1. If packing is taken as the average number of other Cβ atoms within 10 Å across a peptide's residues, how do 190-202, 122-134 rank, most packed first?
2. As an exercise, use a Förster radius of 35 Å and the Cβ-Cβ distance of Glu124 and Asp55 to find the FRET efficiency, rounded to the nearest 0.05.
3. Beyond 29 Å between alpha-carbons counts as too far, so tell me which of Lys110/Lys185; Lys51/Lys114; Lys39/Lys185; Lys39/Lys110; Lys114/Lys162 fall in that bin.
4. Can you give the extra length, in nm with one decimal, that the chain gains between Ala35 and Gln156 once fully stretched, where that is 0.36 nm per residue apart less the Cα-Cα distance?
5. Tally up the carbon and sulfur contribution to the accessible surface of the range 65-204 as a whole percent, 1.4 Å probe, everything protein left in place.
6. Give the calculated FRET efficiency between Arg147 and Gln80 to the nearest 0.05, with a Förster radius of 25 Å applied to their Cβ-Cβ distance.
7. From Cα pairs below 8 angstrom and at least 6 apart in sequence, can you work out the relative contact order of the range 94-204, rounded to a whole percent?
8. Can you check how the C-alpha radius of gyration of the range 98-152 compares to 2.2 N^0.38 Å, as a plain ratio?
Amino acid sequence: MSQETGDTFFGAIVLIVFLIFVFALGFLISKFKNARFAKVWTPLIPVVGGKVSEDNGGSTSSFLTGSYAGRTVRATMAPQLNRYSESGSYYNYFDITMAGVPGRQNWQLKYNTKILGFGSTGWEIVADDAALQQRLQARGVIDLIERLGATPIYTQPTLDYKARNGALLFREEVAEWIPTPERFKDQLETLLLLAQINTEVNPT
């Protein structure tokens with residue numbers, strides 16, 4: 001074996017060992033993160049009789065799936081996300097999706113903030129159908145979210161209803177990785193009311 005061939009072979013062995021080490025380290029870090037997520041979910045599991053699942057990615061998020069008052073729900077936690085594309089500012093993301101909510105049209109509820117003095121500040125219902133928007137407004141959708149005390153996430157709607165999937169999504173920024181069990185129940189009860197309102201004012 002020539003010196004050049006030997007060097008190439010040795011380099012290939014070193015690279016393989018390095019890749020195995022990186023893969024093993026990533027696997028251990030992922031396991032550690034997912035075990036930590038599972039532990040954090042513990043107080044909320046009994047509320048929905050839930051099961052924790054992993055994101056099958058970089059272990060940046062975790063899911064709790066279960067049911068509440070006969071409706072299928074899935075909660076997501078994603079702590080320490082970048083608030084902006086390039087900044088040292090972070091926030092804890094949390095959402096709940098309630099499935100099996102029938103409706104004909106999509107709609108959203110978002111919180112607007114003035115930018116450089118332009119625009120308006122406050123809650124806004126967004127829907128393609130102005131009549132649906134007015135019906136949602138009249139049924140107190142904004143009041144329900146205000147009473148809940150939701151903390152909006154910049155550029156993301158707090159409520160997002162997708163008619164195609166029959167899914168009502170609530171999202172907010174949380175101080176800790178997850179809300180307390182009491183607040184989790186309040187969020188779920190609010191989603192039940194919102195699902196009922198949607199069924200009544202947004203019939204299929």
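The values are calculated or read from the model by the stated rules, or taken from the named source; none is laboratory data. Note that the coordinates shown come from a computational prediction; the quantities given were computed from them, not determined experimentally. Neighbour counts are summed over all protein chains in view; Cβ atoms, including those assigned to glycine, are modelled from backbone coordinates with ideal geometry. Keep in mind that these areas ignore ligands, DNA and RNA; they rest on the heavy atoms of the full protein, side chains included. Shrake-Rupley method; radii C 1.70, N 1.55, O 1.52, S 1.80 Å.
1. Details: 190-202: 18.2, 122-134: 14.2.
Going by the mean number of other Cβ atoms within 10 Å, highest first, we get 190-202, 122-134.
2. Details: r = 31 Å, r/R0 = 0.88.
After rounding to 0.05, the efficiency reads 0.70.
3. Details: Lys110/Lys185 22 Å; Lys51/Lys114 40 Å; Lys39/Lys185 19 Å; Lys39/Lys110 32 Å; Lys114/Lys162 27 Å.
Violating the 29 Å Cα-Cα cut-off are Lys51/Lys114; Lys39/Lys110.
4. Details: separation 121, 0.36 × 121 = 43.56 nm, distance 2.87 nm.
Gain on extension, Ala35 to Gln156, equals 40.7 nm.
5. Numbers: 3530 of 7420 Å².
Ligands and nucleic acids excluded, carbon and sulfur give 48 percent.
6. Working: r = 29 Å, r/R0 = 1.14.
The computed FRET efficiency comes out at 0.30.
7. Details: 168 pairs, mean separation 43.4, N = 111.
Rounded, it is 39 percent for the range 94-204.
8. On the way: Rg = 12.8 Å, N = 55, 2.2 N^0.38 = 10.1 Å.
This ratio for the range 98-152 stands at 1.27.
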